[in-house]
Amino acid sequence: MQTELVNAAPERLRVDVEGVVQGVGFRPFVSALARRLDLSGFVGNDTSGVFIEVEGPPELLSRFVAALLDEPPTLARVERVRTRALRTTGDRGFTIVASTTTAARHALVTADAGTCEECLQEITDPRANRYGYAFTNCTNCGPRYTIVTGVPYDRAHTTMSAFSMCARCRAEYDDPDDRRYHAEPVCCPDCGPALRLLDARGAPVAEDPITGTVERLQAGGIVAIKGLGGYHIAASAFDEVAVSRLRAAKHREDRPFGLMVAGLDAARQLCVIDDDEAALLLGPERPIVLLARRTASVVASAVAPRTGELGVMLPYTPVHHLLLQQFGGPLVMTSGNRSDEPIAFEDDDATNRLAGIVDAFLVHDRRIETRVDDSVTRSVDGRAMLIRRSRGFVPRPLRLPWEFERPVLACGAEQKNTFCLGRGHQAFLSHHIGDLENFETLESFVTGIDHLQRLFTVTPEVVAYDLHPDYLSTKYALDLPGVELVGVQHHHAHIASCLADNGVPGPVIGVAFDGTGFGPDGTVWGGEFLLADLWESQRAAHLSPVPLPGGAAAIRQPWRMAAAYLDAAFGGEPPSGLEVARRNAGRWQAVRAAAAAGINSPLTSSAGRLFDAVAALLDVRDEVTYEGQAAIELEQMAEPDAGTGYIASVSDDEIPRVWAADLIRSVVADRSAGVHRAVIAGRFHHGVARLIVDMCDRLRERHGLGTVALSGGVFQNVFLLRLSAAMLSESGFDVLTHRQVPPNDGGISLGQAVVAAARDRGR
Ligand code: ZN
Ligand code: FE
């Protein structure tokens, strides 16, 4: 954000405002501001944002410009304000001028936003026209990205085109002084969408939809609820039977369910919430926020088994507000799907797929154009860390200090896929697509790319992809005709995404710790120290590889990693009598033999698998039912003040290898000495942070780099992230961590995009 006052004290100014300033009520705001200060002139949209001509006493003009920066409308993001002096014209009054068609075509589609305070008051005010109306919205809130079908962004290009505005809504829409001025989805009970309640078979029920839903939930029922970006499945979070039944029906064993509560006070009854966390909950993005659960919190144990956290969100549509106000208690609000399928968002599909899971459907007749999952975030030392960047954030672009000379498409990775379009200084990261391993997800990947290309008029000339030949995203990229292809190594993409996230070009020492990524040497990488900038990366050190016994099976069964790491730590002769060996005695020897012989056991330097091994050794769990489960439970068990960490030695190769197996030996030694498991888990975390700092120190000596970027899914581990960042800072490093994009594979596409752009620009 910058102000360039070219000429002091002019009497008429031209002001250009860039950023997210269209479709967010910016022109009415400017017009109201000018009239408040008694200034004359006009405001309009053009291709790069909002332009203003304003005339009056110099002092008031300065106040006017300051207010543009200081008090813009809720959903606006002012990135740049430029002013220049003009000759005065002596005009009177302040007006909003119509947009040119070119300007309209360039207006960016904004993200969906949670119901604003004023709309909420209307739906709860019995005297208001929109009292109890589930589709109330205005320029400050409501559906956007999820309902947009094309460009330019106007009503005809949204799924609201099926409803024609009544005279009253039209008057609000046309009135520059109204907060619904040019709010494209504006509607009311007379002209807009309506709710309907259906029974388990999809037949209409003649009851008030909200009351009928609430009654069913109170009676222990499970109800599918059509929301903003897809269907949720809801049940009372206090009802152990209902929540367990939901788990069984969804084939979801342990992965925590998200909750929706009526408001901040209700959230505080379940969780401990500081100011930063409250701000995340209340933001217009309305993400799920991961919060420390109160020990006294009474939600059913099946909501989030074996974790001290709850994922909580506040209502973000009028439907949610109406439901929660009547229902009172917290609701489980989980995505409407079975196990790993994408969330249902089309009505017929939802009734088919969710039949047999739910007892009723709360639906409406506004079509969802794009499936968008709830975003997930948490606060780390006052800063947000996104785990999933989707509804509420997408398609807000990230503004980069570098330019995409040619339009870029980056196809992302396989897990938690997102893709990214780059144009000018902007990177448009897509909504969460999901794990690209079935036809339905692939289909939503392909249609999503097509949709975003049209919305942002980007025709990619350069296409970036992961080097893994079997990723469906890679195959998609390689099949595209007539584009320039740029392969980007997985962990380079992680580090580049962290650089882009921070607007720093590098070079840096990149610490990329994750579960799995394709290594050019034929091994599975995932515990990498890279020397990296936007253009290239070089492997500078890594965890010493161990076998991944059984390949994918080892990812689902951490005990296999314990076996592999024990053999690495004890030269094939681990101590006898270990619990993990006893529990898995039936397959233990066979798995070790296969690993030793290299049968279906690729080598991996994965840091994620190291955490798995320790989790199994500490009897946390032998199998996982969702990704990262073992590491999450290990982190939660760890005693933070466990003293100094275990020490890993380092090989003196050209590319040094860190003997993580040393940590395993220490774990086993402490275990047999009767040290408490929580303390061992704590010492292990300290040990990993310590090996990171020690290696970065070495690399700094050797290569003279003083900045470290931390990326990869392992850094979702807040204990490890905090510890590593603190120790690195103490050692004199500048530390880069993620803020706007996830450290996990959801951020990979951004990294790919900026690498492709850098290579396209040339050095
Ligand atoms: Zn509103
Ligand atoms: Fe990764």
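Quick notes on this structure:
- Filter pass, Ser379 being small (Gly, Ala, Ser) and in a loop (DSSP other than H, G, I, E, B): no
- Test: residue in region 742-757 that is within 25 Å of Ala630 (Cα to Cα) and touching a His at 6+ places or on another chain (Cβ under 6 Å): no
- Any hit, region 127-149, residues being under 18 Å from Val50 (Cα atoms), away from ligand 1 (no atom under 13 Å from the Cβ) and in contact (Cβ under 8 Å) with a residue 24 or more places away in the chain: no
Residue by residue, here is whether (1) assigned by TED's automatic domain parsing to the domain that holds Pro204; (2) assigned to a strand (DSSP E or B); (3) among the aromatic types (Phe, Trp, Tyr) holds:
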{"residue": "Gln326", "(1), (2), (3)": "yes, no, no"}
{"residue": "Met333", "(1), (2), (3)": "yes, yes, no"}
{"residue": "Arg338", "(1), (2), (3)": "yes, no, no"}
{"residue": "Glu341", "(1), (2), (3)": "yes, no, no"}
{"residue": "Phe345", "(1), (2), (3)": "yes, no, yes"}
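- Search result, residues across region 621-668 that are open to solvent by 30 Å² or more (accessible area, probe 1.4 Å), within 29 Å of the chain's Cα centre (by Cα) and without any contact (Cβ under 8 Å) to a residue 60 or more places away in the chain: Met637, Glu639
- Scope region 715-743; condition outside any loop (DSSP other than H, G, I, E, B), open to solvent by less than 20 Å² (accessible area, probe 1.4 Å) and within 13 Å of ligand 2 (Cβ to nearest atom); matching residues: Phe715
- Test: residue in region 461-468 that is more than 16 Å from ligand 2 (Cβ to nearest atom), at pLDDT below 95 and open to solvent by less than 10 Å² (accessible area, probe 1.4 Å): no
- Residues of region 531-554 satisfying the condition of being among the hydroxyl-bearing types (Ser, Thr, Tyr) and open to solvent by 40 Å² or more (accessible area, probe 1.4 Å): Ser537
- Answer from Phe513, Phe456 - the residue that is within 16 Å of ligand 2 (Cβ to nearest atom), in contact (Cβ under 8 Å) with a residue 40 or more places away in the chain and crowded, with 18+ Cβ neighbours inside 10 Å: Phe513
- Residues satisfying the stated conditions in region 140-154, i.e. open to solvent by 10 Å² or more (accessible area, probe 1.4 Å) and either in a helix (DSSP H, G or I) or among the β-branched types (Val, Ile, Thr) (or both): Thr149, Val151
- Filter result for the condition that a residue is over 24 Å from Thr110 (Cα atoms) and in a helix (DSSP H, G or I), over Val303, Val299, Val319, Val241: Val241
- Qualifying residue in region 470-482 (condition: aromatic (Phe, Trp, Tyr), open to solvent by 40 Å² or more (accessible area, probe 1.4 Å) and in contact (Cβ under 8 Å) with a residue 12 or more places away in the chain): yes
- Number of positions in region 597-625 that are farther than 30 Å from Val511 by Cβ and small (Gly, Ala, Ser): 1
- Residue in region 670-686 that is in contact (Cβ under 8 Å) with a residue 60 or more places away in the chain, assigned to a loop (DSSP other than H, G, I, E, B) and surrounded by fewer than 19 Cβ atoms within 10 Å (Cβ to Cβ) present: no
- Top-ranked residue of region 115-125 - restricted to ones that are part of a loop (DSSP other than H, G, I, E, B) and open to solvent by less than 30 Å² (accessible area, probe 1.4 Å), ranked as farthest from ligand 1 (Cβ to nearest atom): Thr115
- Against the list (1) within 30 Å of Arg306 (Cβ to Cβ); (2) surrounded by fewer than 20 Cβ atoms within 10 Å (Cβ to Cβ), the condition Thr211 fails is (1).
Per-residue answers, yes or no, for (1) within 16 Å of ligand 2 (Cβ to nearest atom); (2) in a loop (DSSP other than H, G, I, E, B); (3) out of contact with any Lys or Arg (no Cβ under 8 Å at 6 or more places or on another chain); (4) on the phi > 0 side of the Ramachandran plot:
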{"site": "Arg82", "(1), (2), (3), (4)": "no, no, yes, no"}
{"site": "Thr89", "(1), (2), (3), (4)": "no, yes, no, no"}
{"site": "Arg92", "(1), (2), (3), (4)": "no, yes, yes, no"}
{"site": "Val109", "(1), (2), (3), (4)": "no, yes, no, no"}
{"site": "Arg130", "(1), (2), (3), (4)": "no, yes, yes, no"}
{"site": "Ala156", "(1), (2), (3), (4)": "no, no, yes, no"}
{"site": "Ala171", "(1), (2), (3), (4)": "no, no, yes, no"}
{"site": "Asp177", "(1), (2), (3), (4)": "no, yes, yes, no"}
{"site": "Ala183", "(1), (2), (3), (4)": "no, yes, yes, no"}
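- Region 423-459: number of residues that are in contact with an Asp or Glu (Cβ under 9 Å, 6 or more places away or on another chain) and either more than 23 Å from Arg388 (Cβ to Cβ) or among the small types (Gly, Ala, Ser) (or both): 3
- Which listed residue is at pLDDT below 90 and surrounded by fewer than 22 Cβ atoms within 10 Å (Cβ to Cβ), from Ala128, Ala103: Ala103
- Residue match in region 416-436 (condition: touching a His at 6+ places or on another chain (Cβ under 7 Å), polar (S, T, N, Q) and closer than 30 Å to Val20 by Cβ): yes
- You will find that of Ser164, Ser236, the residue that is touching a Gly at 6+ places or on another chain (Cβ under 7 Å), more than 16 Å from ligand 2 (Cβ to nearest atom) and either open to solvent by 10 Å² or more (accessible area, probe 1.4 Å) or farther than 25 Å from Pro287 by Cα (or both) is Ser236 and no other.
- From the options Phe404, Phe445, Phe428, residue that is in a strand (DSSP E or B), modelled with pLDDT of 95 or more and within 17 Å of the chain's Cα centre (by Cα): Phe428
- Restricting region 692-714 to residues that are away from ligand 2 (no atom under 16 Å from the Cβ), touching a Gly at 6+ places or on another chain (Cβ under 8 Å) and open to solvent by 10 Å² or more (accessible area, probe 1.4 Å), the residue that is farthest from Trp525 (Cα to Cα): Gly706
- Listed by position, the helices (runs of 4 or more DSSP H) contained in region 555-615 that have at least 3 residues being open to solvent by less than 60 Å² (accessible area, probe 1.4 Å) are 558-569, 585-597.
- For the condition open to solvent by less than 20 Å² (accessible area, probe 1.4 Å) and touching a helix residue (DSSP H, G or I) at 6+ places or on another chain (Cβ under 8 Å), Ala413 qualifies.
- Residue check, Asp112 outside the structural domain of Pro318 (by TED's automatic domain parsing), within 16 Å of ligand 1 (Cβ to nearest atom) and over 33 Å from the mean Cα position of the chain (by Cα): no
- Cβ-Cβ contacts under 8 Å between residues 6 or more apart (or on different chains), taken from a first residue in region 15-27 that is assigned to a loop (DSSP other than H, G, I, E, B) and at pLDDT below 90 to a second residue that is among the basic types (Lys, Arg) and open to solvent by 10 Å² or more (accessible area, probe 1.4 Å), are listed as Val21/Arg77; Gly25/Arg179.
The values are calculated or read from the model by the stated rules, or taken from the named source; none is laboratory data. What you see is a predicted model; the values in this text were computed from it and never measured. Ideal geometry is used to build each Cβ from the backbone, glycine not excepted, and the neighbour counts take in all protein chains shown. Just so you know, the surface numbers come from the protein's heavy atoms only, side chains and all, with ligands and any DNA or RNA stripped out. Shrake-Rupley method; radii C 1.70, N 1.55, O 1.52, S 1.80 Å.
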